[in-house]
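Notes follow once the structure below has been shown.
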Amino acid sequence: NKFQELKSYKQVIKNYYLYVGRLVNYKKVDLLVDTFNELGLPLVIVGSGSEESKLKLKAKKNIKFLGNIKDEELIGVYSNSKAFLMPQDEDFGITAVEAQSFGVPVIAFKSGGALDTVVNNKTGIFFDEQTVTSLKEAIAKFDTMRFNDGYLRNNAKRFDKEVFKKRFINLLKNKIWFL
């Protein structure tokens, strides 16, 4: 399986950065490839899309593309990553929440849903501009930080389906009570 292949990719647990998502232009995966080409740090990319062949041609050997993988494999890939990368502006960004649920901090572009799902300096950090320089600065800062797995997992629980149901039902009850 692809996770076993990843383990043989000269990786040490918690040594690689991770992106999970579609490989399309607005997801800014090209920013990740450009940045990690310069840094030479290990990057794992999970997903496929219209930009895949272009990104693979541009990527150096420190960047590994796993394509689409099974959920069981994805659990291992998330769990063993050092940080999850979210270079795009998303309405929500479920993958950042998934990463935190595995105790993995997030390095995210400071915009959109990341502002709701990532707690700066507690569950991850932000970078201000979608540029190689800004992302490199965030990675350098990230490498000096430590994150609490329990806090990361608890933050992700805020977005759990059962929590949503309870909040929604309470909202309805309170609204009906006041009518």
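Among the conditions (1) farther than 19 Å from Y26 by Cα; (2) among the β-branched types (V, I, T); (3) assigned to a helix (DSSP H, G or I), the only one that I69 does not satisfy is (3).
Go through the stretch 81-93 and report how many residues are in contact with a Phe, Trp or Tyr (Cβ under 8 Å, 6 or more places away or on another chain) and open to solvent by 30 Å² or more (accessible area, probe 1.4 Å).
Residues of the stretch 81-93 that are in contact with a Phe, Trp or Tyr (Cβ under 8 Å, 6 or more places away or on another chain), as a first pass: 81-89.
Pick out the ones that are also open to solvent by 30 Å² or more (accessible area, probe 1.4 Å) and you get 82, 89.
Total satisfying the criteria: 2.
Within the stretch 118-152, being touching a Gly at 6+ places or on another chain (Cβ under 6 Å) and at pLDDT 95 or above holds for V118, L152. If you go through the stretch 101-126 and pick out every residue that is over 15 Å from L152 (Cβ atoms) and open to solvent by 10 Å² or more (accessible area, probe 1.4 Å), you end up with 7.
Here K64 passes the criteria (1) in contact with a strand residue (DSSP E or B) (Cβ under 6 Å, 6 or more places away or on another chain); (2) surrounded by fewer than 18 Cβ atoms within 10 Å (Cβ to Cβ) except the one numbered (2). Checked against the criterion of being closer than 19 Å to E137 by Cα and either among the small types (G, A, S) or assigned to a helix (DSSP H, G or I) (or both), the candidates T95, T35 yield just one match: T35. All of E162, E129, E73, E98 fail the test of being open to solvent by 30 Å² or more (accessible area, probe 1.4 Å) and in contact (Cβ under 8 Å) with a residue 60 or more places away in the chain, apart from E98.
The values are calculated or read from the model by the stated rules, or taken from the named source; none is laboratory data. All of these numbers come straight from a predicted model, not from anything done at the bench. Every residue, glycine as well, gets a Cβ built from its backbone with ideal geometry; the counts of neighbours run over all protein chains shown. Remember, those area values only see protein heavy atoms, side chains included, never the ligands or the DNA or RNA. Shrake-Rupley method; radii C 1.70, N 1.55, O 1.52, S 1.80 Å.
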